[in-house]
Every structure is written in C-alpha cells, then in structure tokens.
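Reviewing the structure listed below.
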Amino acid sequence: MSRGLISGEQLEGVNLIRHEMKADCRGSFTEVFQHSWDLKFEPCQWSIVHSVPEVLRGMHYHRRHDEYFGLISGKCLVGLVDLRPESSTYLSNALYALDDSNISSLCFPRGILHGWYFLSDSIHLQGVSESFADYGSDDNFGCHWNDPELGIDWPFDRAILSERAEGFGSFSHLMETLKLPSVRT
C-alpha cells in the first residue's frame, strides 16, 4: 500500500520521509529520525501509540507545536488541512496512505489540522515539540473528522473516536474560534 499522497495536494512545510530499511539475517534496522534531515522539528517528547482497526485520532489543531508521525506497523490514512493563513497552500488538504511495507513518516508544522485513521492493528511513533503535559485549552482544538468542508476524501464512513473527538464541532466553528479567514487571501 505505502503510496504516500493519495489525494489533495502537497502542503507547504509537510515532509513525507520514506525510510530505508537495512535488513540482514538478524532482522532489520531503520533510522526514523535524523537531525541532519533538516525537518525544522525540535522534538521534546516521543510516544509509541497502539491503535486498533477503525480508530480515528483527530482532527486536531495546535498553534504552538510541530508533529512527527511515523507508522511502525500496520496501515493507516493521514488527513491534513493547512490552516496557516500565510502559507501558499492555506485551506488545502492532503490525504496520505502509509503502511509497514515501506516505513514512512510525516513531519508537519504547527497550524496543520491533522488526523489519522487506522485500517489495521497499528503502532505509530509520535513526536511533538511541546510535551503533552504542557498542552493547554489555548492550543488544543479540533473539529469533526467527516465535516465535508474539510475536503478530505476519507474512504470510510464510520470511525471509533475518543469521547472528546466525538464532541468536536464543525470545521466552520473551528475557523470562527481560531479567527481564521475562510478564504485564501
């Protein structure tokens, strides 16, 4: 599957990193993060997250921190919407397909609305530039994953959500809350 971008457009500042697996009779070794890759990402926390099939984590938005999402095992879809008014891809979306046959990661800056849906039992590595313990209500926003205004062509119609994500409002409400323009300027 590991097809990378499957719909939408490449968003400014979003990096898809395809990792090289070195395998021999002992198993394999794969670098998933190198400071020299110049990703404009300074992690302060790394987490390993396990998700069961049909779980959707998102759609989340943060003003203060950048993120790194690396699928280690399984299959998933990653949906992104650029909410940075200064970006050349403002209000554009992207949908990526990732799987463990070609380990890949996505690194993206603050201001990108994001969510991930798991097609199979999966494990991902998540890096953030602000510790989860420091998340505050002033930087932890979201909207409902299947709002048509997102423009993400999710190929499913139901998902297992957290209680918080289940209560997320519309994309329009998120834009109003963030005081963001609803058209490119």
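Bear in mind that the values in this text are calculations on the coordinates, not laboratory data. These numbers were taken from a predicted model, which means no experiment stands behind them. Here Cβ is always computed from backbone atoms with ideal geometry, including for glycine, and neighbour counts include all displayed protein chains.
Is one or more of the residues making up segment 122-129 without any contact (Cβ under 8 Å) to a residue 12 or more places away in the chain and more than 24 Å from ASP100 (Cβ to Cβ)? Don't jump to the end; show me each part of the working.
Here is the first cut: in segment 122-129, the ones without any contact (Cβ under 8 Å) to a residue 12 or more places away in the chain are none.
No, because not a single residue in segment 122-129 is without any contact (Cβ under 8 Å) to a residue 12 or more places away in the chain and more than 24 Å from ASP100 (Cβ to Cβ).
With the structure loaded, tell me whether TRP37 is within 15 Å of the chain's Cα centre (by Cα), surrounded by fewer than 18 Cβ atoms within 10 Å (Cβ to Cβ) and among the hydrophobic types (A, V, I, L, M, F, W, C) or whether it fails that test. When the stated conditions are applied, TRP37 does not pass them. Checked against (1) surrounded by fewer than 16 Cβ atoms within 10 Å (Cβ to Cβ); (2) among the β-branched types (Val, Ile, Thr); (3) under 24 Å from LEU91 (Cα atoms), ILE160 passes all but condition (3). Scanning segment 59-98 for residues that are surrounded by 23 or more Cβ atoms within 10 Å (Cβ to Cβ) and among the small types (Gly, Ala, Ser) yields GLY79, ALA94.
Suppose we filter TRP154, TRP116 for residues that are hydrophobic (A, V, I, L, M, F, W, C) and surrounded by fewer than 21 Cβ atoms within 10 Å (Cβ to Cβ); which single one remains?
On the way: TRP116 fails: surrounded by fewer than 21 Cβ atoms within 10 Å (Cβ to Cβ).
Just one listed residue meets the conditions, TRP154.
All conditions in (1) surrounded by 19 or more Cβ atoms within 10 Å (Cβ to Cβ); (2) closer than 18 Å to LEU11 by Cβ; (3) within 14 Å of the chain's Cα centre (by Cα) hold for ARG110, with the sole exception of (1). Residues of segment 31-43 include none that is in contact (Cβ under 8 Å) with a residue 40 or more places away in the chain and among the polar types (S, T, N, Q). Taking the criterion of being touching an Asp or Glu at 6+ places or on another chain (Cβ under 6 Å) and either over 19 Å from SER104 (Cβ atoms) or not in a strand (DSSP E or B) (or both), the residues of segment 54-73 that qualify are HIS62, ARG63, ARG64, HIS65. Among what's in segment 1-30 and is without any contact (Cβ under 8 Å) to a residue 60 or more places away in the chain and assigned to a loop (DSSP other than H, G, I, E, B), pick the residue that is farthest from the chain's Cα centre (by Cα). Restricting to residues being without any contact (Cβ under 8 Å) to a residue 60 or more places away in the chain and assigned to a loop (DSSP other than H, G, I, E, B), the top hit is CYS25.
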